[in-house]
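The values are calculated or read from the model by the stated rules, or taken from the named source; none is laboratory data. Computed from a predicted structure; not experimentally measured. Virtual Cβ from ideal backbone geometry, glycine too; neighbours counted across all protein chains shown. Heavy atoms of the whole protein, side chains included, go into the accessibility calculation; ligands, DNA and RNA do not. Shrake-Rupley method; radii C 1.70, N 1.55, O 1.52, S 1.80 Å.
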Amino acid sequence: MKIFGIILLLLVLAGIIVYADGARLPYNHTVSVTGVVPAPQTRVFTLITDVAHGSKWRPAVKSVTTLAPDNGRDHWVEYLAHGQFMTFLAVRTDPPTRRDVMLDDPGASYGGTWTYELSPGPAPNTTTLQITETGFIKPPVYRFIMAHVFGPTHNLGRYMTDIQAAAGKP
């Protein structure tokens with residue numbers, strides 16, 4: 001019984017430490033990744049904006065449902081593993097150089113926008129892509145996980161790797 005009490009105390013202390021550390025981390029954040037995509041700018045922009053087919057080249061996305069446009073702007077739902085889903089709204093589209101996409105869930109524990117900025121790459125038929133996430137994370141525990149477990153650019157880096165692989169395929 002004494003060992004159980006010690007284990008329980010250690011778990012409670014760990015929870016307090018995680019919460020306290022997360023609470024000291026900023027609520028708002030801005031992070032970016034930049035990479036070279038092995039395809040012309042128009043192809044890369046098409047991959048980014050053709051959301052209906054995103055699940056074909058993004059392994060984390062199991063399926064996509066396109067919704068009715070919101071004032072002419074693309075609106076869709078991405079279904080992920082474990083029954084998770086996220087609704088997005090394209091708030092700015094400037095072909096073929098920029099796309100801003102917002103997480104469209106006012107009640108979410110986290111949110112913000114991803115800004116995709118495309119420019120000619122360093123070699124012919126390549127594109128420099130910078131993806132910037134400007135967002136917020138409400139729960140301190142989620143902030144702790146983002147900062148210390150996954151890293152602040154985890155999702156951006158995964159997207160960059162996926163688009164580089166997809167663009168390189170014929």
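On the protein heavy atoms, probe 1.4 angstrom, tell me the percent of accessible surface of the chain carried by carbon and sulfur. Please report the intermediate quantities before stating the final value.
Values: 6240 of 9900 Å².
Roughly 63 percent, rounded to a whole number.
How do I48, I6 stack up against each other in accessible area, from largest to smallest, with a 1.4 angstrom probe?
On the way: I48 10, I6 90 Å².
Most to least solvent-accessible, the answer reads I6, I48.
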Practice task
Over segment 56-113, give the accessible area per residue in Å² for a 1.4 Å probe, as an integer.
Solution key: 58 Å²
Completion exercise
About its Cα centre, segment 98-170 carries a charge dipole, from +1 on Lys and Arg Cβ atoms and -1 on Asp and Glu Cβ atoms, whose size in debye to the nearest 20 is 140 debye
Practice task
Using Cα centres only, tell me the gap between segment 1-62 and segment 126-170 in whole Å.
Solution key: 7 Å
Practice task
Jot down the radius of gyration and Dmax of segment 16-97, Cα atoms only, both in angstrom.
Solution key: 16.7, 50
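For the chain, go through all pairs of different Cα atoms, get the mean of 1/r, take its inverse, and jot down that Kirkwood value in Å. Write out the running numbers ahead of the final one.
On the way: mean 1/r = 0.0562 Å⁻¹.
About 17.8 Å, per the Kirkwood formula over Cα pairs.
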Fill in the blank from the handout: The local net charge around P26, scoring Lys/Arg +1 and Asp/Glu -1 for residues other than P26 whose Cβ lies under 15 Å from its Cβ, equals +1
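Quick check: with the 1.4 Å probe, what order do K56, K169, K138 take by accessible area, largest first? Write out the running numbers ahead of the final one.
Details: K56 160, K169 130, K138 85 Å².
Reading off the accessible areas and sorting them downward yields K56, K169, K138.
What does the C-alpha gyration tensor say about the overall shape of segment 65-155? Classify as rounded when a/c is under 1.5, otherwise prolate if a/b is larger than b/c, or oblate. If you can, show how the numbers build up before the last one.
Numbers: a/c = 2.14, a/b = 1.25, b/c = 1.71.
Because a/c hits 1.5 or more and a/b fails to exceed b/c, segment 65-155 counts as oblate.
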Fill in the blank from the handout: So Y79 and D94, fully extended at 0.36 nm per residue minus their Cα-Cα distance, gain in nm 2.8 nm
Problem - Efficiency of FRET from Cβ geometry, L67 and I145, R₀ 41 Å, rounded to 0.05 - result: 0.90
Handout entry: P(r) histogram, all alpha-carbon pairs of segment 111-170 included - 10 Å bins from 0, percent
Key = 19, 43, 25, 12, 1
Exercise for the section: With a 1.4 Å probe and all protein chains in place, put R99, R158 in order of accessible area, largest first. Expected result: R158, R99
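Mean residue ellipticity at 222 nm from the helices of the chain, using -39,500 (n - 2.57) per DSSP H segment of n ≥ 4 over the full residue count, to the nearest 500 deg cm²/dmol? Numbers along the way, then the final one.
Values: 4 runs with 52 residues, N = 170.
So the helix-based figure for the chain works out to -9500 deg cm²/dmol.
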Completion exercise
Once all protein chains are kept in place, H53 shows an accessible area at probe 1.4 Å, nearest 10 Å², of 80 Å²
